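The values are calculated or read from the model by the stated rules, or taken from the named source; none is laboratory data. Just so we're clear, the structure is a prediction, and the values are computed from it rather than from any experiment. A quick note on method: Cβ atoms are made from the backbone with ideal geometry, for glycine too, and the neighbour counts reach across all protein chains shown.
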Amino acid sequence: MTGDDLTARRANSFGPQASAYAQHRPDYPAAAIRWSLAPLGPGAHDVLDLAAGTGKLTAGIVAEGHHVTAVEPDEAMLSELVRHCGGVRALPGSAERIPVPDATMDAVLVGQAFHWFDPARAMPEIARVLRRGGVLAAMWNSDDTSVPWVAEFGAVSGAVSASVGTAGRSVPDHESFRDATDATFRHTQRRTAESLVATAGTHSHTLVITPEEREALLEKMLTYLRSRPETAQGEFDVPLITYVKRLIRV
């Protein structure tokens, strides 16, 4: 299997786990959403959540008082989004073919998905739907590996080697955009040992292996968490860092 084949398999692996994804993936900090939209000024804005998944970012944008259109290519993921964010306009579509008219959005936000896009096709499409002065912001949640137990869990789970990494958390330069800038925000997710393993089980690198390999890996993670005083019993906060890259439509 080539690298491109594996990437495609990982990109398309989430649909069968849509319910688990909705239940176990973290949301996004309100501060990151506010910073992303700050260039637009106060008030409610028309925001496109692109590759919206099950609505983890959508819900946060709605909570900030904005008008949200959610676009997602996977039918199962989109169904979960509608179930959790019922009042949101939800459309099937992709970053390469966005089903909204030209210059109708004040902002396009992308949570945990830009690394799956074909940037040569996605960037012109995003520029097409944005109004002049509009915002494109891509954000990624990642484990705070400065915390020892978190770094060790990443090694045990394989998340460190499988993650998109700093290089993958990028948005390419494009003639339609200016003023690229970035910021990071601290975030947490409340978990137990069992639910943190369930969260890890929604990551693409655990979804493309054989059922036997997956079962063994999840058990290995749980054994590790039960061995650590920070995570052995009850609920605990998983420290996260949310990275955001923001650009402005010319």
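In this structure, Ala216 does not qualify as more than 15 Å from the chain's Cα centre (by Cα) and within 13 Å of Arg246 (Cβ to Cβ). Of all residues assigned to the stretch 134-143, at least one qualifies as being within 19 Å of Pro29 (Cα to Cα) and of a type in the set (Ser, Thr, Tyr).
Would you confirm whether any residue within the stretch 221-232 is modelled with pLDDT of 95 or more, in contact with a Ser or Thr (Cβ under 6 Å, 6 or more places away or on another chain), closer than 14 Å to Gly154 by Cα and surrounded by 12 or more Cβ atoms within 10 Å (Cβ to Cβ)? Yes, because at least one residue in the stretch 221-232 is modelled with pLDDT of 95 or more, in contact with a Ser or Thr (Cβ under 6 Å, 6 or more places away or on another chain), closer than 14 Å to Gly154 by Cα and surrounded by 12 or more Cβ atoms within 10 Å (Cβ to Cβ). Being out of contact with any strand residue (DSSP E or B) (no Cβ under 6 Å at 6 or more places or on another chain), under 23 Å from Pro119 (Cα atoms) and among the β-branched types (Val, Ile, Thr) is true of Thr54. Return yes or no: is Ala95 more than 16 Å from Val135 (Cα to Cα) and either among the hydrophobic types (A, V, I, L, M, F, W, C) or out of contact with any Gly (no Cβ under 8 Å at 6 or more places or on another chain) (or both)? It is false that Ala95 is more than 16 Å from Val135 (Cα to Cα) and either among the hydrophobic types (A, V, I, L, M, F, W, C) or out of contact with any Gly (no Cβ under 8 Å at 6 or more places or on another chain) (or both).
Close contacts from the stretch 13-35, counting a first residue that is modelled with pLDDT of 90 or more and a second that is aromatic (Phe, Trp, Tyr), with Cβ to Cβ under 6 Å and a gap of 6+ residues or different chains, come to Pro29/Phe185; Ala31/Phe185; Ala32/Phe185.
Screening Glu213 against (1) in contact with a helix residue (DSSP H, G or I) (Cβ under 7 Å, 6 or more places away or on another chain); (2) at pLDDT below 95; (3) surrounded by fewer than 17 Cβ atoms within 10 Å (Cβ to Cβ) leaves a single unmet condition, (1). Give the stretch 102-124 a look and list any residue that's small (Gly, Ala, Ser) and out of contact with any strand residue (DSSP E or B) (no Cβ under 7 Å at 6 or more places or on another chain), or say none. Passing the criteria: Ala113, Ala120, Ala122. Set side by side, the residues Ala107, Ala103, Ala127 differ, and just one is under 26 Å from Thr188 (Cβ atoms) and small (Gly, Ala, Ser), which is Ala107.
Counting only helices (runs of 4 or more DSSP H) that sit wholly inside the stretch 30-89, those with at least 1 residues that are under 19 Å from Ala18 (Cα atoms) are 56-63, 75-84.
Screening Trp140 against (1) in a loop (DSSP other than H, G, I, E, B); (2) touching a residue at least 40 places away in the same chain (Cβ under 8 Å) leaves a single unmet condition, (1). Exactly one residue out of Trp116, Trp149 is of a type in the set (Phe, Trp, Tyr) and modelled with pLDDT under 95: that is Trp116. Name the residues in the stretch 113-137 that are under 12 Å from Arg249 (Cβ atoms) and either under 12 Å from the mean Cα position of the chain (by Cα) or touching a residue at least 60 places away in the same chain (Cβ under 8 Å) (or both), would you? Within the stretch 113-137, Ile126, Ala127, Val129, Leu130, Arg131, Arg132, Gly133, Gly134, Val135, Leu136, Ala137 qualify.
When the stretch 176-197 is filtered for residues that are crowded, with 18+ Cβ neighbours inside 10 Å and not charged (D, E, K, R), the ones remaining, listed by number, are Phe177, Phe185, His187, Gln189, Ala193, Leu196, Val197.
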